[in-house]
1. Consider segment 42-60. How many of its residues are closer than 15 Å to C100 by Cβ and not hydrophobic (A, V, I, L, M, F, W, C)?
2. What is the number of the single condition among (1) outside any helix (DSSP H, G or I); (2) among the hydroxyl-bearing types (S, T, Y); (3) within 30 Å of L10 (Cα to Cα) that T78 does not meet?
3. Report the residue count in segment 1-37 for those that are open to solvent by less than 70 Å² (accessible area, probe 1.4 Å) and among the polar types (S, T, N, Q).
4. Which of (1) part of a loop (DSSP other than H, G, I, E, B); (2) closer than 26 Å to E91 by Cα does L55 not meet, given it meets every other one?
5. N33 - would you say it is under 21 Å from the mean Cα position of the chain (by Cα), over 20 Å from L106 (Cβ atoms) and modelled with pLDDT under 90?
6. Would you mind finding the one in S60, S46 that is over 18 Å from E91 (Cβ atoms), open to solvent by less than 60 Å² (accessible area, probe 1.4 Å) and assigned to a helix (DSSP H, G or I)?
7. Name the single residue, out of those in segment 96-115 being among the β-branched types (V, I, T) and not in a loop (DSSP other than H, G, I, E, B), that is most open to solvent (accessible area, probe 1.4 Å).
8. Taking E91, is it among the acidic types (D, E), surrounded by 10 or more Cβ atoms within 10 Å (Cβ to Cβ), farther than 29 Å from L2 by Cα and touching a helix residue (DSSP H, G or I) at 6+ places or on another chain (Cβ under 6 Å)?
Amino acid sequence: KLVNENMDTLVQLRSSKPEQMAALLPRLTSAENVLKRMTIIGEILSFRAMAQQGLREVFSHHCPFLMGPIECLTDIVTPDTDIQVTLSIFEVASAAGIPCEIDPALVNVLAGSKT
C-alpha cells in the first residue's frame with residue numbers, strides 16, 4: 001500500500017542523482033512508517049538467521065548423518081528443477097537450519113496473501 005501511494009516518487013528516486021534525491025525525499029508520504037516497518041523486518045530476519053545458524057550447528061553436531069543427505073539435496077537443485085520440488089527441498093533444508101536461495105516461509109506467506 002505504501003509503495004503504491006509513493007510509486008511515482010520512488011521511480012523518480014531510483015533514477016535520480018543524489019542532489020535530486022534530497023528534493024524528492026519530502027514528497028514521500030508516510031516515510032517514517034516505512035522506516036519503522038523496514039527496521040522491524042530487519043530485526044526479524046536477523047533473529048531468524050541467528051536461530052537458523054544455531055539450529056544448523058546443533059544438528060551438524062548431533063545428527064551429521066541427517067544433515068549430509070539434506071545438504072546433498074540442496075546441491076542438486078538447479079534452475080531447471082520443478083518449482084514444487086525445489087520448494088519442498090528448500091523447506092526441509094530451512095527446517096534443518098540450512099540457508100536457501102528461496103525462502104520457503106516467505107513463499108508461503110506471499111502465496112497466502114495473494115488477493
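1. 4
2. Evaluating T78 over (1) outside any helix (DSSP H, G or I); (2) among the hydroxyl-bearing types (S, T, Y); (3) within 30 Å of L10 (Cα to Cα) leaves (3) as the failure.
3. Of the residues in that region, 6 qualify.
4. Condition not satisfied by L55: (1).
5. Working: under 21 Å from the mean Cα position of the chain (by Cα): yes; over 20 Å from L106 (Cβ atoms): yes; modelled with pLDDT under 90: yes.
Yes.
6. On the way: S46 fails: open to solvent by less than 60 Å² (accessible area, probe 1.4 Å).
Checking each option against the conditions leaves just S60.
7. Here is the first cut: in segment 96-115, the ones among the β-branched types (V, I, T) are 98, 102, 107, 109, 115.
Next, only the ones that are not in a loop (DSSP other than H, G, I, E, B) stay: 107, 109.
Numbers: V107: 50, V109: 97 Å².
The residue in question is V109.
8. Details: among the acidic types (D, E): yes; surrounded by 10 or more Cβ atoms within 10 Å (Cβ to Cβ): yes; farther than 29 Å from L2 by Cα: yes; touching a helix residue (DSSP H, G or I) at 6+ places or on another chain (Cβ under 6 Å): yes.
Yes; evaluated as a whole, the condition is true for this residue.
The values are calculated or read from the model by the stated rules, or taken from the named source; none is laboratory data. Being a predicted model, the structure only gives us computed values, none of them experimental. Methodologically, a virtual Cβ is constructed for each residue, glycine included, from the backbone with ideal geometry; neighbour enumeration extends over all protein chains shown. These accessible areas exclude ligands, DNA and RNA; they are computed on the full protein's heavy atoms, side chains included. Shrake-Rupley method; radii C 1.70, N 1.55, O 1.52, S 1.80 Å.
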